[in-house]
Amino acid sequence: MTAEKTKIESPNQNIMPVTATINEHNHLTVGGIDVVDLVQEFGSPLWIVCEETIRQSAEAVKLGLSNYGQALPCYAGKAFLCLALVKLIADLDFGLDVVSEGELFTALKAGFPAEKIFLHGNNKSERELKMALNASIKIVVDNESELATLIALAKPLRRKVEILLRIIPGIELDTHDHIKTGHDKSKFGIPLDQLDAAIELIASQKNVELLGLHAHIGSQGMELDPFLESVDVFADLYANLKDKYNLTLPHLDVGGGLGIAYIADDRPLALQSWARALSVKVKEAFSSRNLPIPELSIEPGRAIVGTSGVTIYQSGHLKELPGINYLAVDGGMADNPRPITYQAKYTAAVANRMVGESDKIKPWSIVGRYCESGDIIVEEAELDARKGDLIAVFATGAYNYSMSSNYNRTARPACVLVKNGRAEIIVERETLKDLVSHDRIPSWLT
Ligand code: LLP
């Protein structure tokens, strides 16, 4: 059942959580617990997150970096962040990337060590920058205008603010257009022809210290070459900075972006192979240019949490039309906007009948309950599905909860962490009351 067509070396290559099994009732289990029991206790729809998958993913990254020397693997919190996740990431000894005051607040609230937090973002507000300065976290500066604001904010401080500069490396990743970020027209980062001006401005400042350069070329990358190419771009830039300004930057952050398996045809690199290949390449590229080897950060998000997540829905009305069978579930694009946004593909199963009766299996298009024709979670899943079944959709750990909405005034599902037969809520289910809790009626309508 683990879709093991090729050898699976790390959790990002397996569509299901590493602990997924089928029990004697023909039910899906995750983290040692029957999913049917989980839904009975916590309701539907339900996001289930397998802690063991996250732990093994993080260990795979560490293994890949183990021969590098000084490396700080970071987790990109935008993939999925809540207080429990922050605690888990801290326990794994990773750094943490945040991209908003909300993510930074969550990280600090859960007690994440400030020295291992990096604030990213292409349009950080002054308030966000001040929050970062107050907490002494590192800031990844996106553009010259932000740099000017930061310099002004740093002036009254009696310490140096540590920053990285995000560059546009001019590299295309083989992925959906909306999640490419390294190409020349990217809205993220400083174009290479503006880099010297930024470096010179920083050099003239007392309170700002440039630790290194950063780039993130895109997301759900399946090929290694673009990642390796970006390392050559970095090494050339570091060599140029040394020649031109006698500047040696101690840190390098090559971003995240490794893909995961959503469907059987997806063949992402193993996390450890990706981390190893990148770190070996950095060593080679820097030493061949006679540069000192920098401290290295990589920042995967999706590949750490993606396959840890399973969404469970309950099937409602079934509709059989000429040429298409619809199975409608009690969730959809508000808890998983990825199919409608990026035409993302997912894999589904019937959690309460994992092995179906072969003569009852047929293609079901799993559609959401939202008022949009594009609210299709999986097209033509071959299932023995019936009304009232629990439908599992796999690999929903990344960019599902974090991108969810209240569209159609629906409450967000609960999120439960499972581990060794234990399950606890990490994000409470929203209630109808929550949905109106921020509404106000102006005096003239009361
Ligand atoms: N670092 C930076 C600076 C990033 O912007 C991102 C993701 C990451 C790291 C982590 O990338 P990952 O390893 O997760 O691919 N919502 C889209 C993905 C957007 C990614 C944005 N940046 C999706 O659902 O596919």
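The values are calculated or read from the model by the stated rules, or taken from the named source; none is laboratory data. It should be emphasised that the depicted structure is a prediction, and the values quoted were computed from it without experimental measurement. Ideal geometry is used to build each Cβ from the backbone, glycine not excepted, and the neighbour counts take in all protein chains shown. Areas reflect the complete protein model, heavy atoms only, side chains present, ligands, DNA and RNA absent. Shrake-Rupley method; radii C 1.70, N 1.55, O 1.52, S 1.80 Å.
Some values worked out for this structure:
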read-out: Residue within the range 247-260 that is within 16 Å of the ligand (Cβ to nearest atom) and surrounded by fewer than 21 Cβ atoms within 10 Å (Cβ to Cβ) present; value: yes
read-out: In the range 318-354, the residues that are polar (S, T, N, Q) and closer than 22 Å to CYS415 by Cβ; value: ASN336, THR341, THR347, ASN352
read-out: Where GLY397 falls short, out of the listed (1) outside any strand (DSSP E or B); (2) surrounded by fewer than 20 Cβ atoms within 10 Å (Cβ to Cβ); (3) in contact with a helix residue (DSSP H, G or I) (Cβ under 8 Å, 6 or more places away or on another chain); value: (2)
read-out: Flag for TYR326 being surrounded by fewer than 24 Cβ atoms within 10 Å (Cβ to Cβ), among the aromatic types (Phe, Trp, Tyr) and more than 15 Å from the ligand (Cβ to nearest atom); value: yes
read-out: Contacts under 6 angstrom Cβ, first residue in the range 12-25 being under 28 Å from ALA275 (Cβ atoms), partner open to solvent by 20 Å² or more (accessible area, probe 1.4 Å) and not in a loop (DSSP other than H, G, I, E, B), 6 or more apart; value: VAL18/GLU52; VAL18/GLN56; THR19/GLU52
read-out: Sole residue being open to solvent by 50 Å² or more (accessible area, probe 1.4 Å) and among the small types (Gly, Ala, Ser), chosen from SER287, SER297, SER273; value: SER287
read-out: In the range 123-145, the residues that are open to solvent by 50 Å² or more (accessible area, probe 1.4 Å) and either of a type in the set (Phe, Trp, Tyr) or part of a loop (DSSP other than H, G, I, E, B) (or both); value: ASN123, SER136
read-out: Filter result for LEU173 (in the same structural domain as ARG276 (by TED's automatic domain parsing), within 14 Å of the ligand (Cβ to nearest atom) and assigned to a strand (DSSP E or B)); value: no
read-out: Residue in the range 207-216 that is within 16 Å of the ligand (Cβ to nearest atom), touching a residue at least 24 places away in the same chain (Cβ under 8 Å) and part of a loop (DSSP other than H, G, I, E, B) present; value: yes
read-out: Number of positions in the range 379-394 that are under 24 Å from the mean Cα position of the chain (by Cα) and open to solvent by 10 Å² or more (accessible area, probe 1.4 Å); value: 1
read-out: So LEU85, is it within 16 Å of the ligand (Cβ to nearest atom), in a helix (DSSP H, G or I) and touching a residue at least 40 places away in the same chain (Cβ under 8 Å); value: yes
